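No value in this document is a laboratory result; all are computed from the given coordinates. Since the structure is predicted, the reported quantities are computational estimates derived from the model, not experimental observations. Note that each Cβ is placed from the backbone with ideal geometry, even for glycine, and that neighbours are counted across all protein chains shown.
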Amino acid sequence: MRYNKTTMLKLINEHRELHDELKKLKSEMGLEKNFAVKALYHSMVADSGPYMKDYQDLDRLK
C-alpha cells in the first residue's frame, strides 16, 4: 500500500478524529499541512493502523 495525498485527504475529511488530529499536529508540532498529513498516514493508516481498511476502500474507488 502506497501513500496517496488525495486519498488521505478524503479519509481525513470523512473522519472527524483524523481532522482533529491533523489540526493538533499542525499547531503543536508546527508542521506544514503536507507533512502533518504524511505523519497521520504513517501513524494511523500504514502497518495495519486503525484506518487502514477505510483508506484501502477509498483507494480502490479512485
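Computed from Cα positions, the angle between helix 52-61 and the longest principal axis of the chain comes to roughly 60 degrees. Using the Karplus relation 6.51 cos²θ - 1.76 cosθ + 1.60 with θ = phi - 60°, the per-residue 3J(HN,Hα) values for the range 13-29 come to 5, 7, 10, 4, 4, 5, 4, 5, 5, 4, 4, 5, 4, 5, 7, 6, 9 Hz, with x marking Gly and Pro. Pick out, in residue order, every one of the chymotrypsin sites (Phe, Trp or Tyr not before Pro) in the range 1-60 that is DSSP loop and has at most 13 other C-beta atoms within 10 Å; say none if there are none. Answer in residue order: Y3.
In units of the rule-of-thumb radius 2.2 N^0.38 Å, the chain shows an alpha carbon radius of gyration of 1.03. By the beta-carbon count within 10 Å of each Cβ, the least crowded to most crowded order of E28, E14, E21, fewest first, is E28, E14, E21.
The residues L25, L11, L31, when put in order of fewest to most other Cβ atoms within 10 Å, stand as L31, L25, L11. Of the residues K53, K62, the one with the fewest other Cβ atoms within 10 Å heads the list, and the complete ranking is K62, K53.
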